[in-house]
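Have a look at the structure below, then the notes.
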Amino acid sequence: MPESDTQRALATNRRARYDYFISETFEAGMVLLGSEIKSARAGRISIGEGYVYIKNGEAWLENAHIAAYGPAGEHGQHNPTRPRKLLLKRKQLDYLDDQAHRDGLTVVPLKVYIKNRVAKLLIGLAKGKRQVDRRNTIKERDAKREIDRAMRSKI
């Protein structure tokens, strides 16, 4: 079995790394319905507007959009933006809840992928960037792009 099949990205939240400083990442399992996992495997998932919150000792993914799965018919469909439970260890949940409430950090979804036939969500503990920090991120990215172009042209 090729390595790419063991961990295949379905959706990424590229905006999160632009808007936040990501300090730590955690891997969480997702509780999905049958039509949701089939639609997600087809790549019809978006986590750009999604966010993670912890309530009553459980983590939830809110506002992530998983499109309806056509072959399931009208009656076998799911609500595309329903809250989805995340599976984390108790120690991780307590740590995330403590950091989010005490230090003012937030938990953001970064990537949805399939790992060993199971849907996983990479979540990050993040602190919001200010406008100046975003400008610096753009400057660094542009400088790196110019350096790469110069290196390619010399080769």
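The values are calculated or read from the model by the stated rules, or taken from the named source; none is laboratory data. This one's a predicted model, so the numbers in the text were calculated from it and none came from an experiment. No Cβ is skipped: glycine too gets one built from the backbone with ideal geometry, and neighbour counts run over all protein chains shown.
Among the residues of segment 68-89, is any out of contact with any Phe, Trp or Tyr (no Cβ under 8 Å at 6 or more places or on another chain), exposed (fewer than 14 other Cβ atoms within 10 Å of the Cβ) and closer than 28 Å to Lys127 by Cβ?
Checking segment 68-89: at least one residue is out of contact with any Phe, Trp or Tyr (no Cβ under 8 Å at 6 or more places or on another chain), exposed (fewer than 14 other Cβ atoms within 10 Å of the Cβ) and closer than 28 Å to Lys127 by Cβ.
Does Lys144 satisfy the criteria of being of a type outside the set (Gly, Ala, Ser) and more than 30 Å from Lys55 (Cα to Cα)?
yes
Taking the condition modelled with pLDDT under 90, out of contact with any Cys (no Cβ under 9 Å at 6 or more places or on another chain) and not in a strand (DSSP E or B), does Ala9 pass?
no
Go through segment 70-127 and report how many residues are more than 22 Å from Ile22 (Cβ to Cβ) and not aliphatic (A, V, I, L, M).
17
Rundown of residues vs (1) basic (Lys, Arg); (2) surrounded by 15 or more Cβ atoms within 10 Å (Cβ to Cβ); (3) within 25 Å of the chain's Cα centre (by Cα); (4) under 30 Å from Leu61 (Cβ atoms), yes/no style:
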| residue | (1), (2), (3), (4) |
| --- | --- |
| Tyr113 | no, yes, yes, yes |
| Ile123 | no, yes, yes, yes |
| Gly128 | no, no, yes, yes |
| Arg134 | yes, no, yes, yes |
| Ile147 | no, no, no, no |
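Can you tell me which condition Phe26 does not meet? The list is (1) more than 25 Å from Gly128 (Cβ to Cβ); (2) part of a strand (DSSP E or B); (3) at pLDDT 85 or above, and all the others hold.
(1)
Looking at Tyr69 and the list (1) over 20 Å from Leu87 (Cα atoms); (2) among the hydroxyl-bearing types (Ser, Thr, Tyr); (3) in contact with a strand residue (DSSP E or B) (Cβ under 6 Å, 6 or more places away or on another chain), which single condition is not satisfied?
(3)
Which residue out of Ile45, Ile123, Ile54, Ile114 is touching a Lys or Arg at 6+ places or on another chain (Cβ under 7 Å) and of a type in the set (A, V, I, L, M)?
Ile114
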